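Let me begin by presenting the structure, written as structure tokens, before commenting on it.
The values are calculated or read from the model by the stated rules, or taken from the named source; none is laboratory data. Keep in mind it's a predicted model, so treat the numbers as computed, not measured. Note that each Cβ is placed from the backbone with ideal geometry, even for glycine, and that neighbours are counted across all protein chains shown. Side chains are part of the model used for accessible areas, which takes the heavy atoms of the whole protein and leaves out ligands, DNA and RNA. Shrake-Rupley method; radii C 1.70, N 1.55, O 1.52, S 1.80 Å.
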Amino acid sequence: MQRVGFGGGCHWCTEAVFQSLRGVHEVEQGFMRATEPNQAWSEAVRVTFDPEQISLEVLLEVHLRTHSSTNPHAMREKYRSAVYAFTEPQAKQAQQLITQLQTQFEDPLITQVLDYQGFKPSLPQFQNYYRNGPSKPFCQRYIDPKLDLIRAEFSDFA
């Protein structure tokens, strides 16, 4: 098993996205931080996965395609677009993959590869947000389209 962190948009959405993938064994929703200057807590998920079943490349591509990975909007401190690497080799691989995947996007990817420094979980009532209430308006409006994309474009892992 390996771990990696992903931040981008609302962690309710990010949690649901990664929970939907085969080969992902655990998704912990909460807040992550990295080394300076990215030490502020930002919404993210910590993902435990089996690299024999799903690769970091697939996880990263899913991440880039299910949040605004090219939009440097004003809320980026709270919703940092990032891969939180747990090891130096993982950081190098993630950076190489982002460079390779850039060809699939018209605008520059703003997703950073950061050194994982800490995690704190969301409050219990917010964890498993989609699984506990898929009919909520937020889920239908924001999460369902992301899950539809995964079923259509990553069906081998859905």
Just give me the residues in segment 121-138 being touching a residue at least 24 places away in the same chain (Cβ under 8 Å) and either touching a His at 6+ places or on another chain (Cβ under 7 Å) or open to solvent by less than 90 Å² (accessible area, probe 1.4 Å) (or both), in sequence order. PRO121, SER122, PHE126, GLN127, ASN128, TYR129, TYR130, PHE138
I'm trying to understand the selection: among the residues of segment 47-63, which are within 17 Å of GLU15 (Cβ to Cβ) and among the aliphatic types (A, V, I, L, M)? VAL47, ILE54, LEU59, LEU60, VAL62
What are the pairs with Cβ atoms under 6 angstrom where one residue, in segment 145-158, is small (Gly, Ala, Ser) and the other, located anywhere, is open to solvent by 70 Å² or more (accessible area, probe 1.4 Å)? Sequence gap at least six, or different chains. ALA158/ARG151
Which numbered condition in (1) within 12 Å of the chain's Cα centre (by Cα); (2) modelled with pLDDT of 95 or more; (3) not hydroxyl-bearing (Ser, Thr, Tyr) is the only one that HIS67 fails? (2)
Give all pairs with beta carbons closer than 7 Å in which a residue from segment 25-37 that is within 19 Å of THR87 (Cα to Cα) and free of Cβ contacts under 8 Å to residues at least 60 places away in the same chain meets a residue that is acidic (Asp, Glu) and surrounded by 20 or more Cβ atoms within 10 Å (Cβ to Cβ); count only pairs at least 6 apart in sequence or on separate chains. VAL27/GLU15
Unique match (being open to solvent by 30 Å² or more (accessible area, probe 1.4 Å) and not acidic (Asp, Glu)) among SER81, SER68, SER42: SER68
With respect to PHE49, is the statement that it is surrounded by 18 or more Cβ atoms within 10 Å (Cβ to Cβ) and either closer than 29 Å to GLY133 by Cα or in contact with a Gly (Cβ under 9 Å, 6 or more places away or on another chain) (or both) true? yes
Considering only strands (runs of 3 or more DSSP E) fully contained in segment 8-103, which possess at least 1 residues that are under 14 Å from PHE154 (Cβ atoms)? 24-34, 42-49
Looking at the structure I just gave you, is PRO72 over 22 Å from GLN2 (Cα atoms), without any contact (Cβ under 8 Å) to a residue 40 or more places away in the chain and in contact with a helix residue (DSSP H, G or I) (Cβ under 8 Å, 6 or more places away or on another chain)? no
